[in-house]
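Here is the structure we will look at.
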Amino acid sequence: MIMNRKYGPHLYRFKHALLLALLGLIHAHTQARSLSEIIKSKELRVCVVAYHPDFIRAEPENCRGNCKFSGLVFEEIQVFSKFLGPQIQAKFLRLDWDEQFFNKNSEVVRNGIYTPELLASGKCDVYPNNLTRNEWRLKKLDIIYLFPSRMMAIVNKSKQKEYKNLHDLAGKIAAVDKDTSYHTWLGEQNQTGFKENPVKIQIISTHESFVAVDSGKVDFTLADSDLAISATQHELKNSSVSFPVGPTEEIGWGFRKQDRDLQAAAQRFFEDQKERENSEFNQLWKKHFGINLIKFIALVKSTP
């Protein structure tokens, strides 16, 4: 959420350390839980990021633990909870994006090998936030594959002719959220192909990145294919997808590495959903984006 960006780095870390401490008081005896413990408790602890309204919306806008949720991801989790057991209820906690990867000190250490504190403590059983599998994240958690994706460069229509390929992004101003795959990719490009003319990166939320491009405040943003389809259909008035960047990626849900039984259940669930034309996920994707999950996967795989 952009509200967090107004704090200096030290106060920002203190704020999240305080949040984790308060949650620790609420769940003083909470520990990471196995699938059998989840079933026994009849509760699946779901930590979500309201990164875009079409995927998951949290109301009121600045809520944390007492939110009303809606959107595709929210509905997907309801289906998954029923798959685990008819009596299991999903209990939601809202996070900022980078909190998913925080260690005990409320920091993200990209090269560090650790279990994110919210997963290690048992406050979260699953991150269903369409995480891209990349090297630094897989040092901290496992991501069970749901669908492929490509990052798309989104630019204002008034500048569309200026953006024909990857090299046209060098030296421009981009807006992305902190510790997203977009942020990671741009950082890597600034150390390699864009080293002589790096992209200037502004850190704001994903939703606000779209607004910034649409209003002409920044030159471009990046979005995964599913998010790009949603944005161009429902949100962007003055901007459009220009071209794909980077390789095909694998997107999925995040779990604690030790939770093998829960991961295996998610894998079986995803495979079933992707195999059946009339599955709940296919119906939900069709409702939200006008294209079901099977067709979306085929579309991404056909992207050059």
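The values are calculated or read from the model by the stated rules, or taken from the named source; none is laboratory data. Fair warning: this is a prediction, and the values are worked out from it, not measured in the lab. Glycine gets a Cβ as well: all are built from the backbone with ideal geometry, and neighbour counts include every protein chain shown. Calculation scope for accessible area: heavy atoms of the full protein, side chains included, ligands and nucleic acids excluded. Shrake-Rupley method; radii C 1.70, N 1.55, O 1.52, S 1.80 Å.
For Gly71, nonlocal amide neighbours, meaning residues 5 or more places apart or on other chains whose placed amide H falls under 5 Å from its own, are Arg57. Structural size metrics of the stretch 79-236, computed from C-alpha coordinates, are Rg and Dmax of 17.5, 57 Å. Per-residue Karplus couplings for the stretch 169-174, computed as 6.51 cos²θ - 1.76 cosθ + 1.60 with θ equal to phi - 60°, are listed in order as 7, 4, x, 8, 9, 10 Hz, Gly and Pro entered as x. With θ taken as phi - 60° and the Karplus curve 6.51 cos²θ - 1.76 cosθ + 1.60 applied, the whole-hertz 3J(HN,Hα) list for the stretch 186-193 is 5, x, 5, 5, 5, 8, 10, x Hz, x standing for glycine and proline. Counting only heavy atoms of the protein chains and using a 1.4 Å probe, Cys63 has close to 10 Å² of accessible surface.
For the chain, a Kirkwood radius taken over Cα pairs fed into Stokes-Einstein (37 °C, viscosity 0.692 mPa s) yields D = 164 µm²/s.
Under 5 Å between amide hydrogens, built in the peptide plane, is the criterion, and for Val245 it picks out Met151, Met152, Ala153 among residues at least 5 positions away or on other chains. Summarising the label geometry, the points placed 7 Å from Cα in the beta-carbon direction at Lys217 and Lys286 lie 3.9 nm from one another. Figure legend: label point modelled 7 angstrom from the Cα of Asp261 along Cα→Cβ; residues of the stretch 106-148 with amide N under 17 Å from it are 122, 125-126. Our analysis of the stretch 253-304 gives Rg over Rh at 1.07, with the two radii drawn from alpha carbon positions and Rh computed by the Kirkwood formula. In this structure the amide hydrogen of Ser239, modeled in the peptide plane, comes within under 5 Å of the amide hydrogens of Lys157, none closer than 5 places in sequence on its chain. Here the Karplus curve 6.51 cos²θ - 1.76 cosθ + 1.60, taken at θ = phi - 60°, turns the phi angles of the stretch 141-153 into couplings of 7, 9, 10, 7, 5, 10, 7, x, 7, 10, 6, 10, 7 Hz, with x standing for Gly and Pro.
Per-residue extension of 0.36 nm, minus the Cα-Cα distance of Asn190 and Ser34, leaves a gain of 52.1 nm for this segment. Pairs to check: Lys42/Lys104; Lys217/Lys237; Lys161/Lys217; Lys104/Lys139; Lys123/Lys178. Give those whose C-alpha atoms are more than 25 Å from each other in this structure. Table pairs above 25 Å Cα-Cα are Lys42/Lys104. Look at the Cα gyration tensor of the stretch 149-248: its axes a ≥ b ≥ c give a/c under 1.5, and that counts as rounded. For Cys63 and Lys161, a Förster radius of 30 Å and the Cβ-Cβ distance give a FRET efficiency of 0.10, rounded to the nearest 0.05. If you build a Gaussian network model of the chain, linking Cα atoms that sit under 10 Å apart, which residue out of Lys200, Lys161, Lys274 swings the most? Greatest mean-square fluctuation among the candidates belongs to Lys161. On a full-extension model of 0.36 nm per residue, what is the gain between Asp272 and Ser70, subtracting their alpha-carbon distance, rounded to one decimal in nm? Between Asp272 and Ser70, full extension yields an extra 70.4 nm.
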